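All remarks here apply to the structure that follows.
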Amino acid sequence: MTISRLGVHTSVEELFPPAVLRDALTDAGPTVRIVETDDELAACDALVTFDYEESFLQADLAWIHSILAGVDHFPFDALAEQGTLLTNSAGIHGDSVGETVAGYMLMFARGLHTQRTNQLHQEWAYPPWDAAFTLDGESLCVIGLGTLGRAIAMRADALGMDVTGIKRTPMPIDHVETVYPPDDLHEAVAEARFVALAVPLTDRTTGLIGESELRMLRDDAYLINVARGGVIEQSALVDALESASLAGAALDVFETEPLPDESPLWGMDNVIVTSHAAAANREYYRRVAVLVRENLRRLDANESLTNQVV
Ligand code: NAD
C-alpha cells in the first residue's frame, strides 16, 4: 500500500507546531499538508494526529499515527472494522520521562519543591532537621517496565536506588533487582519508598492503584504517575494525602485534564503537579518523523508496521 497524501492534524500543536513536522516529512514520499477542516481531511489517505475525532472514521483513512504513546482515546474496534491501521509513538519518551521522574524523586528527597515555594514568598528557611534525605539506598518500585519504566529504572539505579518492578511476563530487566508479576502488586509496593506508574491505560490497569493499594504503601512513600490519570483512583489518592497515610505524590496525568481549578491537588504542599508535560522535548517532532517515515517505508514494502496497535 502506498500513501500518497499524508495529513498532519492541527491538534499536534499541543506538542509542537504542525509546520515543523510537515517540513520534516516533505521528502518522505507523499504530499504532506496540515489538516484542519473535514474537506482537508477528505483529501488524505493517512493522518498524523494528537487528538482523536469522529470525523477520522468517516474519512476512511488507511492509516492513523498518534504522536502519543497512550492511545486509549481511540476506538480500536471501530477502526479495525473500518480497516484503518493505528500506530502509536511508544519508544520515543524514555529519556525525557526518565529524567522527569528522576527530577520528581530528587525534588522530594532534597526538598527542592518546598525551597522553590519559599522563594516565591521571599522566605529564607532551613528545612526541618529530619525532612531531607538522599536517594542513595532508597527503594523504587516501577509498575510497567516498557520504554518509560526501563528508562526510570536506569536513572534510579544510577542514583544508587534499589529498584524493583512489575511486568506482565516477569523476566530479568537491566537495573531492576526483582521483577514481580502483576498478581504480586501489593507485595511489590509495600516495601517501596517511591512507586512509579508507567503502564498504559487498559481494562486491567484502570483503577490499578485504589484504596486498598494505597493502604499497602508505606506512610513515608511517594507515588509518581506519568502513565494516565485513570490508573489511580484519584479521590482515594486525595483521601490518602489528606490523611497523611502517604508522604506525597508527583502527578503528570489526571482523570480530567487540564486538572480542574477546584481540585485539592493544586494546593497540597506535598504534591507536585505537572501539566502532562513529562515527555516535553524540543526534539519531539523529529522522533515522530522518524517513526512516520519508517512506517511509510513499511507500507510501501507491504511489511508489518512498527508500533501497530490496530
Ligand atoms: P510501552 O508500550 O513501551 O510500555 C508499556 C509497558 O507496560 C509494556 O512493557 C507492557 O507490557 C506493560 N504493561 C501493560 N499492562 C501491564 C500491567 N497490567 N502490569 C504491568 N505491566 C503492564 O509504553 P511506554 O512508552 O513505556 O508508555 C507507557 C504509558 O505511559 C503509555 O501508554 C502512556 O499512556 C503513558 N505515557 C505518558 C507520557 C507522559 O507524557 N506523561 C509519555 C509517554 C507515555
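Readers should treat all values here as calculations from the given coordinates under stated rules, not as data from a laboratory. As the structure is a computational prediction, the values presented were derived from the model and not from experiment. Cβ sites come from the backbone with ideal geometry, for glycine too, and all protein chains shown count toward neighbours.
Please list, ordered by chain and number, the residues whose modelled amide H lies under 5 Å from the amide H of D162; skip anything fewer than 5 residues away on the same chain.
Answer set, sorted by chain and number: G137, E138, S139, L140.
Among rounded, prolate and oblate, which fits the chain when a ≥ b ≥ c are the square roots of the eigenvalues of its C-alpha gyration tensor, a/c under 1.5 means rounded, and a/b larger than b/c means prolate?
prolate
Using alpha carbons only, how many degrees (0 to 90, rounded to 10) separate the axis of helix 147-158 from the longest principal axis of the chain?
40 degrees
Report, by chain and number, residues whose modeled amide H sits under 5 Å from the one on V48, excluding near sequence neighbours (fewer than 5 apart, same chain).
G7, V8, H9, H65
Under a crude label model (7 Å from the Cα following the beta-carbon direction), how far is H121 from D157 in nanometres?
4.1 nm
Helix 284-300 against the longest principal axis of the chain: what's the angle in degrees, Cα atoms only, rounded to the nearest 10?
Once rounded, one gets 40 degrees.
Give me, ordered by chain and number, the residues 5 or more places off L86 or on other chains with an amide H under 5 Å from its own placed amide H.
Hits under the 5 Å cutoff: I64, V309, V310.
In whole Å, what is the distance between the alpha-carbon centres of the stretch 53-98 and the stretch 16-50?
Comparing the Cα centres of the stretch 53-98 and the stretch 16-50, I get a distance of 15 Å.
Only Cα pairs within less than 10 Å get springs; with that Gaussian network setup on the chain, which residue of G94, G111, G248 has the largest fluctuation?
Sorting by GNM fluctuation, first place goes to G111.
Just to check I understand the Karplus step: with θ = phi - 60° and J = 6.51 cos²θ - 1.76 cosθ + 1.60, what whole-Hz values come out for the stretch 112-125, glycine and proline as x?
Calculated HN-Hα couplings, in order: 5, 5, 6, 4, 5, 4, 4, 4, 4, 9, 6, 10, 9, 9 Hz.
Select from V288, V20, V238 the residue whose mean-square fluctuation is largest in a Gaussian network model of the chain (Cα-Cα springs shorter than 10 Å).
Maximum fluctuation in the GNM of the chain, among the listed residues, is at V20.
Test of understanding: ordering T100, T37 by Cβ neighbours within 10 Å, fewest first, what list do you get?
T37, T100
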